[in-house]
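Okay, structure first, notes after.
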Number of protein chains: 2
Amino acid sequence: MSVTLQDVAREAGVSPATASRALNAPELVAPARREHVRQVAAQLGYRPNRAARELITGRTGNLCLVVPDLENPFFAAVAKGVQARARALGLAVVVADSEEDGHLESELVGRLGAQVDGVVLCSPRMTDEALDEALARDVPLLLVNREHHGAASVVIDNADGVRQAVAHLYALGHRRLAYAGGPAGSWSDARRREGLHRAAASLPGTEVVDLGHVAPVFDGGVAVADLVVASGATAVLAHNDLVALGILNRLTSRGVRVPDDVSVVGYDDSPAATLVAPALTTVRVPLARLGRDAVDALVNHAPRAARRRAASGVTDAEAPAPVRLPVELVVRDSTGVPPAPPTAPIASTAGDLPA
Amino acid sequence: MSVTLQDVAREAGVSPATASRALNAPELVAPARREHVRQVAAQLGYRPNRAARELITGRTGNLCLVVPDLENPFFAAVAKGVQARARALGLAVVVADSEEDGHLESELVGRLGAQVDGVVLCSPRMTDEALDEALARDVPLLLVNREHHGAASVVIDNADGVRQAVAHLYALGHRRLAYAGGPAGSWSDARRREGLHRAAASLPGTEVVDLGHVAPVFDGGVAVADLVVASGATAVLAHNDLVALGILNRLTSRGVRVPDDVSVVGYDDSPAATLVAPALTTVRVPLARLGRDAVDALVNHAPRAARRRAASGVTDAEAPAPVRLPVELVVRDSTGVPPAPPTAPIASTAGDLPA
DNA sequence: TTGTAGGCGTTATCAG
DNA sequence: CTGATAACGCCTACAA
């Protein structure tokens, strides 16, 4: 059996209450006693029992992080950020992988949410309705990479990332752009698609070919690569780097040169982006910061462990405005000028274009 | 305030004890009552308070996983496996990233170990002494990727992986092999280095050039690549895929062709291995299984939450023999026959070699 | 088969 | 500033 506060109190010759205060509210206890108690505690190797503390305070000292896929470098990076910030705050992080499944995700939030002080829900795959339900629980919830009415969230500027990418491609001379979108129902995909169309609309002569929804993994990219070629687009924007990498791989093995024949742009700037040749032009997302800010927002916004007082009927303050983080385009080797029109006869029709 | 067992009991018209039994020891309660209680509990949305339960049972329902770097695909994969298996067993996982720092690692084990039923320590960077200390605590500890006297562990067959790689290279005709090792003090690196020398010794005419210790990340590989060239080796084995990828990248950008000039072999078969061109020949490690087996071993070996009974003086049974998982070489494009001797004059001395 | 009662280790609430 | 004392929610002898 480990050493309890009682042991410390007895050994120090004070009451348990005083011992408790000496450790948790030092200013409430006479300096001499305080030091004595602390010394005894240290000497005995006293470690507070978290369960007992939680039972009465209602606080666990744990946060929960739910991500769709731990192996996805995007989420791994966010997890690392969450981890680091939580540790700095003295909190532990319970991590759960939802396997890209909205139902499992909801279940995890329900199951794990009951034993933590707050939940960071990253790129939620669940429906808006499920989100509403989750929010109705008494656990503070923070969304990363998704906005939802009444929920606190930290997001990136999805549309602006696409805008930067499109501007870059446009400047290079591309006019026909393909888009390999994220999973159906993906909030960030919707934002990016929106941004894409808006950006294209503001750039005369631009066409967008929508390649539909693609699994946000390498193989998804491999699968959609042939559609890119068939689309006649000279450049393709992928929903994330994994997809872009898959496209790159498939194009290359088909003999389609990147960027000579087709330019490719990813999203996220995951570490893998520079592993390949040509290195991937991509939209850099401040991943670690996303995680850190998520924890900060959660801790600040969280109506301090309201469980115990929930009956008071005090509704939480309105969710604060989403924290929106900027992104930046990183130009590497996978983008270049589009190929010249195929043959002279056709080229002759281009007389009205600038030389 | 959430619904307690008392509420359920009252609502169901039974005593708290019966309610408790109906849920946790169904066979001890009359079928009719049992069902009634369970129904009421479900209807009220009763969720047992883990803190209260833990306080009395001494079990938390949590495992802790400590890894050196969550962004390293190797650990991400293990984490995913741990995650999945733990969930299947109804356990949650507290994940901590030690940032490749042995001291932080020890501290994390100490801090987090106190609030969980067991700790999975992955590729520990801490010293043997620190490990002994950690083992002395009352938390069941399981090592992944490292063996240590008195500790339960799940490891891979490090030496055999290297042996397979060397045999492959030897068969292709390579005789001078460079080794880009892992971090200084790395247990698995020591095993691989050992296996490398043993394998080389058994293959006549083989030489090994030791390139020393390399940071187990992409940039480490980039940095060591020039040593590979200078070493005059025709093939290089890297401590892991990240390093191999870094080497590949640097060699390629220096104009050294892979595998025509130099063959490269990685270790782990991380997802990134197939993202690059040429695809990486590597030793496949059953990552997810490593995680799953770790949880199983921990749960089975763990002297069920002994905290409460520790005073009885019953020492835990000796740690079981390490679980050793097989690995397999995956041959891809980054290995090939070594370049022919440079010029005719020199080639003439090779008369005694087979055509 | 069921109910009663005690206590797990801590903190909060009072009185002193 | 300090010390009793009462919870917190649950489990588990023990008694009925």
Quiz prompt | Antiparallel DSSP beta bridges within chain A, as percent of all bridges there, nearest 5 | solution = 10
Quiz prompt | Antiparallel content of DSSP bridges confined to the protein assembly as shown, in %, to 5 | solution = 10
Quiz item: Lys/Arg Cβ at +1, Asp/Glu Cβ at -1, dipole of segment A:158-286 taken about the Cα centre: which of A:Ser231, A:Val243, A:Pro271 is farthest positive-ward?
Solution: A:Ser231
Practice problem: Quick one, can you get me the convex hull of the C-alpha atoms of the protein assembly as shown expressed as volume per residue in Å³? | Solution: 205
Exercise. Using the 7 Å Cα-to-Cβ label point, sort the distances from B:Arg47 to its equivalents in the other copies shortest first and give them in nm to one decimal.
Key: 2.6
Quiz item: For chain B, modelled as a Gaussian network with Cα springs under 10 Å, which listed residue fluctuates most, B:Ala42, B:Ala340, B:Ala277?
Solution: B:Ala42
Quiz item: Roughly how many debye, to the nearest 20, is the charge dipole of chain B about its Cα centre, given +1 on each Lys and Arg Cβ, -1 on each Asp and Glu Cβ, and no other charges?
Solution: 1420
Quiz prompt | Interchain or long-range residues, amide H under 5 Å from A:Val209's placed H | solution = A:Leu177, A:Ala178, A:Tyr179
Quiz item: To the nearest 10 square angstrom, how much accessible area does A:Glu328 have with a 1.4 angstrom probe?
Solution: 90
Quiz item: At a probe size of 1.4 Å, how large is the accessible area of B:Thr18, to the nearest 10 Å²?
Solution: 30
Exercise. Would you work out the relative contact order for segment A:1-48, in percent, from Cα pairs under 8 angstrom that are 6 or more residues apart?
Key: 46
Practice problem: For segment B:158-286, give the magnitude of the charge dipole about the Cα centre (Cβ charges: +1 Lys/Arg, -1 Asp/Glu; no others), in debye to the nearest 20. | Solution: 200
Exercise. Would you mind checking which residues have amide H under 5 Å from B:Asp269's amide H? H placed 1.01 Å from N; only 5 or more apart, or other chain.
Key: B:Asp241, B:Val283, B:Val285
Self-check item: Rg/Rg_ref, segment A:158-286, where Rg_ref = 2.2 N^0.38 Å and atoms are Cα
Solution: 0.92
Quiz item: Toward the positive end of the charge dipole of chain A, about the Cα centre and with charges on Cβ (Lys, Arg +1; Asp, Glu -1), which of A:Val323, A:Pro31, A:Ala180 goes farthest?
Solution: A:Pro31
Self-check item: Linear extension gain, B:Ala230 paired with B:His149, 0.36 nm per residue minus alpha-carbon span
Solution: 25.2 nm
Quiz item: Quick one: label points 7 angstrom along Cα→Cβ at A:Asp296, distances to the other copies in nm, smallest first?
Solution: 4.4
Quiz item: 222 nm [θ] for the protein assembly as shown, helices only, -39500 (n - 2.57) per DSSP H run of 4+, per residue, to 500?
Solution: -13500 deg cm²/dmol
Exercise. Give me the accessible area buried between chains A and B, both sides summed, with a 1.4 Å probe, in Å² rounded to the nearest 100.
Key: 3800
Quiz prompt | Relative contact order of segment B:89-217, defined on C-alpha pairs under 8 angstrom at six or more residues apart (%) | solution = 19
Quiz item: What is the Rg over Rh value, at two decimals, for chain A, using alpha-carbon atoms and the Kirkwood definition of Rh?
Solution: 1.15
Exercise. Work out the P(r) tail for segment B:1-48: percent of alpha carbon pairs separated by more than 14 Å, whole number.
Key: 35
Practice problem: Using the Cα centre as the reference, give the magnitude of the dipole from point charges on the C-beta atoms of the protein assembly as shown (Lys, Arg: +1; Asp, Glu: -1; all else neutral), rounded to the nearest 20 debye. | Solution: 1860
Practice problem: Starting from the Cα-Cα distance between A:Ala17 and A:Asp333, subtract it from 0.36 nm times their residue separation and give me the gain in nm to one decimal. | Solution: 107.2 nm
Quiz item: Which cross-chain or sequence-distant (5 or more) residues have an amide H under 5 Å from the amide H of B:Val155, H modelled 1.01 Å from N in plane?
Solution: B:Asn145, B:Val323, B:Arg324, B:Leu325
Exercise. Tell me the label-point distance for the pair A:Ala52, B:Glu107, using the 7 Å Cα-to-Cβ offset, in nm and rounded to one decimal.
Key: 2.6
Quiz item: Which residues, if any, in segment B:32-58 have at least 40 Å² less accessible area in the whole protein complex than in the isolated chain, probe 1.4 Å?
Solution: B:Arg47, B:Arg50, B:Ala51, B:Leu55
Quiz item: Over segment B:190-286, what is the mean sequence separation of C-alpha contacts under 8 Å (at least six apart), divided by residue count, expressed as relative contact order in percent?
Solution: 22
Quiz item: Using the beta-carbon distance between B:Ala30 and B:Ala321 and R0 = 45 Å, what value does 1/(1 + (r/R0)^6) give for FRET efficiency, to the nearest 0.05?
Solution: 0.45
Quiz prompt | Label point 7 Å beyond Cα along the C-beta direction, distances from A:Arg257 to other copies (nm, shortest first) | solution = 1.7
Exercise. Using a 1.4 angstrom probe, figure out how much accessible area segment B:1-48 has per residue, in square angstrom, rounded to the nearest whole.
Key: 63
Quiz item: Under a 1.4 Å probe, what is the accessible area of segment A:158-286 per residue, stated in Å²?
Solution: 34
Quiz prompt | Accessible carbon and sulfur surface of segment A:1-48 relative to its total accessible area, %, 1.4 Å | solution = 51
Quiz item: Do you know which residues of segment B:59-89 lose at least 50 square angstrom of accessible area in the protein assembly compared with their chain on its own, with a 1.4 angstrom probe?
Solution: B:Leu70, B:Glu71, B:Lys80, B:Gln83, B:Arg87
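The values are calculated or read from the model by the stated rules, or taken from the named source; none is laboratory data. The shown structure was predicted, so the numbers you read here are calculated from the model rather than taken from an experiment. Neighbour counts are summed over all protein chains in view; Cβ atoms, including those assigned to glycine, are modelled from backbone coordinates with ideal geometry. Side chains are part of the model used for accessible areas, which takes the heavy atoms of the whole protein and leaves out ligands, DNA and RNA. Shrake-Rupley method; radii C 1.70, N 1.55, O 1.52, S 1.80 Å.
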